[in-house]
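Enquirer: The structure under discussion is supplied below as structure tokens; questions concerning it will follow.
The values are calculated or read from the model by the stated rules, or taken from the named source; none is laboratory data. Since we're looking at a predicted model, the values are computed, not measured. Methodologically, a virtual Cβ is constructed for each residue, glycine included, from the backbone with ideal geometry; neighbour enumeration extends over all protein chains shown. Each accessible area value is taken on the protein alone, full model and side chains, heavy atoms only, with ligands, DNA and RNA left out. Shrake-Rupley method; radii C 1.70, N 1.55, O 1.52, S 1.80 Å.
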Amino acid sequence: MFKHRDYTLRYRANSQVEVILPNNQIVINKPLIDKTSFSILVWNIFKQKRADCIEILEQYASKAKLILLQEAQTTPQLLNFISRQNKIADHVPAYCFNNIYAGVMTITDTVPTYLFSFREREPLIRVPKSALITIYPIFNSNQQLLVANIHAVNFSIGVKSYRQQMHMLLNRIKEHKGPVILAGDFNAWSQQRLNLLYQLVETINLKPVNFSIDIRKTFMGRPLDFVFYRGLQLDTAKIISTTASDHNPLWVTFKLDLQH
């Protein structure tokens, strides 16, 4: 299956897992966004190594229009959560171990109109990292919302692979005319990586979400998790303190800015 670099796995209640290949025809049931404000949860879930991580997801499932997970593994516990909450999860497996797939996962209430998956190998350890772009209709609007979920490459000398992964993603985002959210674990632990990240997102007019009380996971003194956006108004942003992962989840509420 991994020969098809661009495939995505879709999980939903009472259905077999679907393999979504590029250019797959997607039938839309309903718009994702039907109110002026909506919230997202962004979280590196630490491969679900800590039992109470599902409890956090349960707590926020009904409040979040989008849940963007990194290091999501297709364990029975996570798949049962998706089914119980009647959610739809699009998953880009970076690798598979013991029939458990691991990678980024975007969980919502409806299917996207388009999706694009990306994989980039870690230069040193050769284990891939994944990213996913999903695009959703907005109620009463001809614009659509693009959501990019990324787990950036980590173990590299220099920033060549980091830049390459970011370019693949940002080139697709650049083509999109509507509102955009780019979020995830960017592994921006060096000043060189951080500078490159800010430089690249600025070229496509994305703004960072800032947190007044910043308790994001850091490495070498720099935060790893970010949310960037354009074509939306930032309403509120906070970080949820938890021991359910080695990262704290980001909780951000946006308002639609369709005059943008």
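Enquirer: Any chance you could count how many residues in the range 94-121 are in contact with a helix residue (DSSP H, G or I) (Cβ under 7 Å, 6 or more places away or on another chain) and open to solvent by 10 Å² or more (accessible area, probe 1.4 Å)?
Expert: Number of matching residues: 3.
Enquirer: I would also like to ask the following. Let me spell it out: the conditions are (1) within 19 Å of Leu66 (Cα to Cα); (2) more than 16 Å from the chain's Cα centre (by Cα); (3) hydrophobic (A, V, I, L, M, F, W, C), and Phe226 meets all of them except one. Which number is the exception?
Expert: Among (1) within 19 Å of Leu66 (Cα to Cα); (2) more than 16 Å from the chain's Cα centre (by Cα); (3) hydrophobic (A, V, I, L, M, F, W, C), Phe226 violates only (2).
Let's see how each residue does on (1) part of a loop (DSSP other than H, G, I, E, B); (2) open to solvent by less than 70 Å² (accessible area, probe 1.4 Å):
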| position | (1), (2) |
| --- | --- |
| Ile213 | yes, no |
| Val227 | no, yes |
| Gln233 | no, no |
| Thr243 | yes, no |
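Enquirer: Give the range 42-64 a look and list any residue that's modelled with pLDDT of 95 or more, in contact with a strand residue (DSSP E or B) (Cβ under 9 Å, 6 or more places away or on another chain) and open to solvent by 50 Å² or more (accessible area, probe 1.4 Å), or say none.
Expert: Passing the criteria: only Lys63.
Enquirer: Is there any pair linking a residue in the range 192-218 that is touching a residue at least 24 places away in the same chain (Cβ under 8 Å) to one that is part of a loop (DSSP other than H, G, I, E, B) and open to solvent by 70 Å² or more (accessible area, probe 1.4 Å), with Cβ under 7 Å and at least six apart or on different chains, and which?
Expert: Ile215/Ser241
Enquirer: What's the total number of residues in the range 16-30 that are at pLDDT 90 or above and in a loop (DSSP other than H, G, I, E, B)?
Expert: 2
Enquirer: On to the next question. Condition (residue is over 29 Å from Lys35 (Cα atoms), open to solvent by 50 Å² or more (accessible area, probe 1.4 Å) and touching a helix residue (DSSP H, G or I) at 6+ places or on another chain (Cβ under 8 Å)) applied to the range 140-162: is it met by at least one residue?
Expert: Looking for residues that are over 29 Å from Lys35 (Cα atoms), open to solvent by 50 Å² or more (accessible area, probe 1.4 Å) and touching a helix residue (DSSP H, G or I) at 6+ places or on another chain (Cβ under 8 Å), one finds none in the range 140-162, hence no.
Enquirer: A further question on this structure: Tell me, yes or no, whether the range 154-163 has at least one residue that is assigned to a loop (DSSP other than H, G, I, E, B) and either charged (D, E, K, R) or at pLDDT 95 or above (or both).
Expert: Within the range 154-163, not a single residue is assigned to a loop (DSSP other than H, G, I, E, B) and either charged (D, E, K, R) or at pLDDT 95 or above (or both).
Enquirer: In the range 164-184, what residues are modelled with pLDDT under 95 and surrounded by 21 or more Cβ atoms within 10 Å (Cβ to Cβ)?
Expert: Correct list: Gln165, Met166, Leu169.
Enquirer: To continue, here is another question. Would you be able to tell me the number of residues in the range 245-260 that are open to solvent by 20 Å² or more (accessible area, probe 1.4 Å) and of a type outside the set (Lys, Arg)?
Expert: Residues meeting the conditions: 8.
Enquirer: What single numbered condition from (1) modelled with pLDDT under 90; (2) more than 27 Å from Glu120 (Cβ to Cβ); (3) part of a strand (DSSP E or B) fails to hold for Ser39?
Expert: Exception for Ser39: condition (1).
Enquirer: So which of Gln48, Gln77, Gln70 ends up being over 17 Å from Asp109 (Cβ atoms) and touching a Gly at 6+ places or on another chain (Cβ under 6 Å)?
Expert: None of the others qualify; the one that does is Gln70.
Enquirer: Inspect all residues belonging to the range 174-183 and state whether any of them is over 22 Å from Val104 (Cα atoms) and touching a residue at least 40 places away in the same chain (Cβ under 8 Å).
Expert: Looking for residues that are over 22 Å from Val104 (Cα atoms) and touching a residue at least 40 places away in the same chain (Cβ under 8 Å), one finds at least one in the range 174-183, hence yes.
Enquirer: If you take the residues of the range 197-223 that are more than 14 Å from Pro249 (Cα to Cα) and of a type in the set (Ser, Thr, Tyr), which of them is nearest to the chain's Cα centre (by Cα)?
Expert: Tyr198
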